[in-house]
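Remarks on the structure that follows.
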Amino acid sequence: MKQAHHLSRIVISTALGPAGRGIFPYTLWPDYLRFLRAVRATGTTVFTKSATRFRRGGNFRPANPFTWKYIQRLPRMGMLNAYGLTNRGVEALARQIAKSLRRGWRVIPNFYPEFAKGLETAAKETLQAIEIYRQNLGPAFSALELNFSCPNSQEAIRDNIIQGLTLTRRLRECYPNLYLVVKLSVVHPYEFAQELEALGVSALHAVNSIPYELVFPGRRSPLWQAGGGGVSGGPAFRQACAYNAGLRTYVKVPLIMGGGVTCREDVHRYFDLGADAVSLCTLALRHPREAEAIVRRGRC
Ligand SMILES: Cc1cc2nc3c(=O)[nH]c(=O)nc-3n(C[C@H](O)[C@H](O)[C@H](O)COP(=O)(O)O)c2cc1C
């Protein structure tokens, strides 16, 4: 595994699916297809949607129309999702990612350690996942993103932080040269980011979609029965931006800033705050033409 892994200045986060080369049925949409071509042609870094060690049936299932309600559009180019990490498991997805790499995509796998199974199991499964990526991707496997998304109660956040730090320490011991990106949520305190930096993570990515009740306080989420869901795109920008501005003052490690980008001005804003790279997700699904323009301009 190589030490240095250079991210492109604009990166795509999860909007190209678990293999990192496009999501069906978006691939039927000509604008999205054009965007995909631009991502590949420009060598833009793509973080996949999260994999878990084993197949996981979340809330949203592409083949079941009754579950499509778990992904909704919000005004101002926003989205609300309670996807629930539906995925085919790391073995199947690593093979798909290997295919993407052979076809010229620049893909970094995103893995979700299932802390709900207990720290020991989550750690064992994460180490197994890394070996599976190594076997399938070979020397092309040099980087991994860990999704430390976490729920919103204080106890859950505390546990998530302890588990996240313990896992990161173990991974660093076993794989000192892996380019390790940790993805944060707005509910993670900045001190957590500092501790991750001290453990030697290679980059931090902030932020994941924002719990509905934080973006719309006092309002009940249309997906309240599924835990409320996460808000992304335009309605998330203000909070994501404020979080990132604070985060930059706490850590020196490279930062991928994202959350709520809907136009070039938002990208500028993140670079002005000191981002090393800026991530796009919802924009690629809501307005792929604008996402394409941003990707083609690179830094903007
Ligand atoms: C439908 C959907 C599915 C997502 N799935 C994942 C996921 O599997 N893993 C992850 O780390 N982030 C996931 N995200 C979060 C995005 O990667 C991104 O961090 C977040 O949406 C904020 O960026 P944005 O406002 O540019 O979309 C998902 C977002 C959306 C809208």
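The numbers here are math on the coordinates, done by the rules we state, and not lab data. Here the structure is a predicted model, which is why all the values come from computation and not from measurement. Every residue, glycine as well, gets a Cβ built from its backbone with ideal geometry; the counts of neighbours run over all protein chains shown.
Points worth noting:
- Prolate/oblate/rounded call for segment 170-300, Cα gyration tensor, a/c under 1.5 rounded: oblate
- Taking 267, 231, 253 as the candidate residues, the one with maximal mean-square fluctuation in a Gaussian network model of the chain, Cα springs under 10 Å, is 253.
- Ranking of 141, 47 by neighbouring Cβ atoms within 10 Å, starting from the fewest: 141, 47.
- Positive-end residue, the chain charge dipole about Cα centroid, Cβ charges, pick of 186, 229, 152: 229
- Per-residue Cβ neighbour counts within 10 Å put 10, 157, 130 in the sequence 157, 130, 10, beginning with the fewest.
- Anisotropy class of segment 10-297 from Cα gyration tensor, a/c 1.5 cut: rounded
- A straight Cα-to-Cα reach below 25 Å connects residue 252 with the lysines 2, 183, residues fewer than 8 places away in its own chain not being considered.
- Within the chain: Cβ-based charge dipole about Cα centre, in debye rounded to nearest 20 (Lys, Arg +1; Asp, Glu -1): 1100
- Of 288, 18, 75, the residue with the greatest mean-square motion in the GNM of the chain, using alpha carbon springs below 10 Å, is 75.
- Segment 79-110-segment 230-300 distance, computed between alpha-carbon centres (Å): 22
- Overall form of segment 22-180 per C-alpha gyration tensor (a/c, 1.5; a/b vs b/c): oblate
- Fewest-first ordering of 31, 266, 272 by other beta carbons within 10 Å of each residue's beta carbon gives 272, 31, 266.
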